Amino acid sequence: MTNAIEIQSATRTFGRTTALDGVSFAVPEGSICGLLGRNGAGKTTIMSIIAGQDRPTSGRVEVLGHRPFENESVLSRISFVRDNQRYPDNYRLGHVLRIAPEFAPNWNADVAAELVEGFRIPTRTDIKKFSRGQLSSVAIVLGLASRAAVTLLDEPYLGLDVTARALFHDMLLRDYTAHPRTVLLSTHLIEESEKLFDRVVVVDRGRVRVDSDVDEARDLAFTLSGTTAAVDELARRHTVLRSHTVSGLKSVTVLGAADDAVRADADGLGARLAPASLQDLVAAFGEEGSEPIEEGARA
Amino acid sequence: MFVDKGPAFQQLAAKIADEIVAGTYPEGTAVPSATDFAVFHQMNPATASKGVNLLVEMGALYKKRGIGMFVAAGARDLLRSQRREEFRKQYMEPLLREARVLEIDVAELHHMIDEHEEDET
Amino acid sequence: MSAVVSTVKLHLNQRVGTFAVPLYIAGTVAAFSVLLSLLFWRSGSLPGTAGWIQGSQSNPGIAYGLVGFLVYFGVASVATTFPFALTLGATRRSFVTGTLLWYAITAGYITAVLAVLTAIELATDHWFAGFYIFDVYILGAGDLLRLVPIVFLGVLTALTVGGVFAASWVRFAARGPQLIAAGVVVVIVTALIVALPAVSAIVDAFQPWWLAVAAGVVILASSVGSWLLLRPAIVR
């Protein structure tokens, strides 16, 4: 399978801040890939670079086999609306719907119309006055109706209500199966979206922490919980990503797949062993390196 | 204790298997396509295909080229016998473990089951 | 090439702004000019007298009204449209080219509007009442051969200057326009230092075409400046 997106050792610095630090990953053509991580992890910067709105300070980025920066033919096959997208002065929805097809050769007006109606996007209000959810809706309309070979959805859920989220999933999956494309979706709301993905990339502080098939991601980490003594004993042989202690009880997320030996040991010590969910994994990487959190300190 | 619901494609396969055993999809009839399952459960289409293919490999479903996916003859028995084996692991083991914790002995457990059966019928 | 045309369409997408607002402004200025003329009249000046004509023709209201709007328009065409153009998939190259093309279209349109209005004003003997609204010195005093280059170059200058300020803002945030303003002041003061001893000779030798050349230089510098500023610009 060829890759729609390939990033090799991309670093991006803004003055003294390092937004991306040697990021490498690839997204195969036709994949729906989740780009997960905490706010400020570097998700939007990665997408900006893929969409040619930004350039890495060093490293290499290729989309559909070419560098995207200033590349007209590649850019016409990418759709990217950033989470804080700005629109020209006095713009209303109609302005967006009128101009978008001009730049998106595969634009589908029916998809756009169905989403506009489903999301109930106001047509007589200036976009400047839109709520967070309405802005997200406009971004989803642009993202899905463009039918771009590479579709980047940046935090599409912000401000969306339950009905709108279901509509988004429904439309994404229906239109994707009819017109396959490569989708990269960034979010920090993991439980909401994880079923959509066949691949996941987890970033934290500008580095890629996980890049795997979604089924394999289940074997990347597991959690152990029980008495502090038991958990400490079990965790000794593993890399602990995150730990959580409350009066004599402890729970840790550790790197690696749980083998039969550790399962037997856990049973013997009366500790619980469970696979880490994607959410646990992202939270663990997002917390790793910081001090272990005590129950009291968190509140 | 190890509780694992398995990856998403296994969960979908289990759901479809449930429906076949329950008779929702009778033998010889068509089941929704992987795409339909994907949209219905709001999951990745590739993952849904993987789940459906698991049942194809098992012989519970078969593909008619260009038409769709059908429930194989004998699929119910096949799935039921497989589920019987799993019953022990999925229900008996936790039941007995919990009973031990609560200090319910085997005789009492038998009694409880009989009693429950009577109430039900 | 197609993205250049698309960029022009992106700018023209704001139909009201491009086509109607210049008309509103011309209309508003016309109304003010009429009111002002009435004021002259009430204060004793008589329509048709030399003083009346001289006073009316010196009124540069139309230019002030349009210039403010056009500079804003030039700023908006880059400041808020550039990020959106990149989102739609325009390259910086096609955006800058398309924007310049659109500036030229806008300048042509406003030139045509003012030329037509001036022609009507002349044909109707100043709206049958001696009102000088477009037949004013700043627009060539009724000479269409002068009006066309004055308006076209004037509009283009205002738009490109607005554009380059916005481009500097897109690139360097608040520091950008400050740097340009500082640069312009340095250039002007330096020019004055060099030219001051000869200033009366220069004033005596002044030819109107110098202004056209100056406008050309400003337009060229602003356009090249916009391109250099936007070429490596990123959106955050």
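Only helices reaching 18 angstrom along their own axis (Cα) with mean Kyte-Doolittle hydropathy no lower than -0.5 count here, and for the DSSP H runs of chain B these are B:8-22, B:45-58.
Considering only A:H179, A:L167, A:I121, and ranking their Cα positions along the charge dipole of region A:104-207 that arises from unit charges at the beta-carbon of Lys, Arg, Asp and Glu, the one farthest toward the positive end is A:I121.
Taking all pairs of distinct Cα atoms, average 1/r, flip it, and tell me the Kirkwood hydrodynamic radius of chain C in Å to one decimal place.
On the way: mean 1/r = 0.0511 Å⁻¹.
Radius from the Kirkwood sum: 19.6 Å.
Secondary-structure-derived ellipticity at 222 nm for chain B, considering helices only, amounts to -19000 deg cm²/dmol, per-run term -39500 (n - 2.57) for DSSP H runs with n ≥ 4. Other residues within the sphere of radius under 13 Å centred on the Cβ of C:S56, judged by their own Cβ, net out at -2 (K and R +1, D and E -1).
Measuring r between the beta carbons of A:D219 and A:R16 and using R0 = 30 Å, the FRET efficiency lands at 0.20. Annotation for C:I120 and A:T57: the two label points, set 7 Å from Cα along the Cα-Cβ direction, are 6.0 nm apart.
Once both labels are positioned 7 Å from their Cα atoms along Cα-to-Cβ, the gap between C:R236 and C:I188 label points is 3.1 nm. Estimated from helices alone, the mean residue ellipticity of chain A at 222 nm is -9500 deg cm²/dmol (sum of -39500 (n - 2.57) over DSSP H runs with n ≥ 4, per residue).
Given B:K64/B:K89; A:K43/B:K63; A:K129/C:K9; A:K43/A:K129; A:K250/B:K50; A:K195/B:K63, which pairs have Cα atoms separated by over 32 Å? Walk me through the numbers before you get to the answer.
Values: B:K64/B:K89 35 Å; A:K43/B:K63 41 Å; A:K129/C:K9 24 Å; A:K43/A:K129 26 Å; A:K250/B:K50 37 Å; A:K195/B:K63 25 Å.
As for pairs spanning more than 32 Å Cα to Cα, those are B:K64/B:K89; A:K43/B:K63; A:K250/B:K50.
Computed over region C:148-236, the percent of Cα pairs more than 23 Å apart is 36.
What is the mean number of Cβ atoms from other protein chains located within 10 Å of the Cβ atom of each residue in peptide A:194-200, rounded to a whole number?
Values: counts 3, 10, 6, 5, 8, 2, 0.
Per residue, the number of nearby Cβ atoms from other chains is 5 on average.
Estimated at 0.36 nm per residue, the fully extended path between C:V224 and C:R93 surpasses their Cα-Cα distance by 46.0 nm. The modelled label-to-label distance between C:A201 and C:A141, using points 7 Å beyond Cα along the C-beta direction, is 2.8 nm. The 3J(HN,Hα) values that the Karplus relation (6.51, -1.76, 1.60; θ = phi - 60°) gives for region A:232-239 are, in residue order, 4, 4, 5, 7, 3, 8, 10, 8 Hz. Gly and Pro appear as x.
Per residue, the average separation of C-alpha pairs within less than 8 Å and at least 6 apart gives chain A a relative contact order of 19 percent.
Using just the helices of chain C, give the 222 nm mean residue ellipticity in deg cm²/dmol: DSSP H runs with n ≥ 4 each add -39,500 (n - 2.57), and the total is spread over all residues, rounded to 500.
Values: 10 runs with 180 residues, N = 236.
Using -39500 (n - 2.57) per qualifying helix, the result is -26000 deg cm²/dmol.
Take each residue of peptide C:78-86, count the partner chain Cβ atoms within 10 Å of its Cβ, and average: the result is 5.
In the protein assembly as shown, what percentage of the DSSP-assigned beta bridges are antiparallel, given to the nearest 5? Could the numbers behind the result be given before it?
Values: 43 of 64 bridges.
Just about 65 percent of them are antiparallel.
Between B:Y62 and B:E86, the C-beta separation translates, for a Förster distance of 22 Å, into a calculated FRET efficiency of about 0.45.
Each residue of region C:166-178 was assigned a 3J(HN,Hα) from its phi angle through the Karplus expression (A = 6.51, B = -1.76, C = 1.60, θ = phi - 60°), giving 5, 4, 5, 6, 4, 7, 10, 6, 4, 5, x, x, 4 Hz with x at Gly and Pro. Rounded to the nearest 0.05, the FRET efficiency derived from the C-beta distance between A:A229 and A:A257 at R0 = 35 Å is 0.90.
Bear in mind that the values in this text are calculations on the coordinates, not laboratory data. In this text the structure is predicted, and so the values were computed from the model without any measurement. Backbone-built Cβ (ideal geometry, glycine too); neighbour counts: all protein chains shown.
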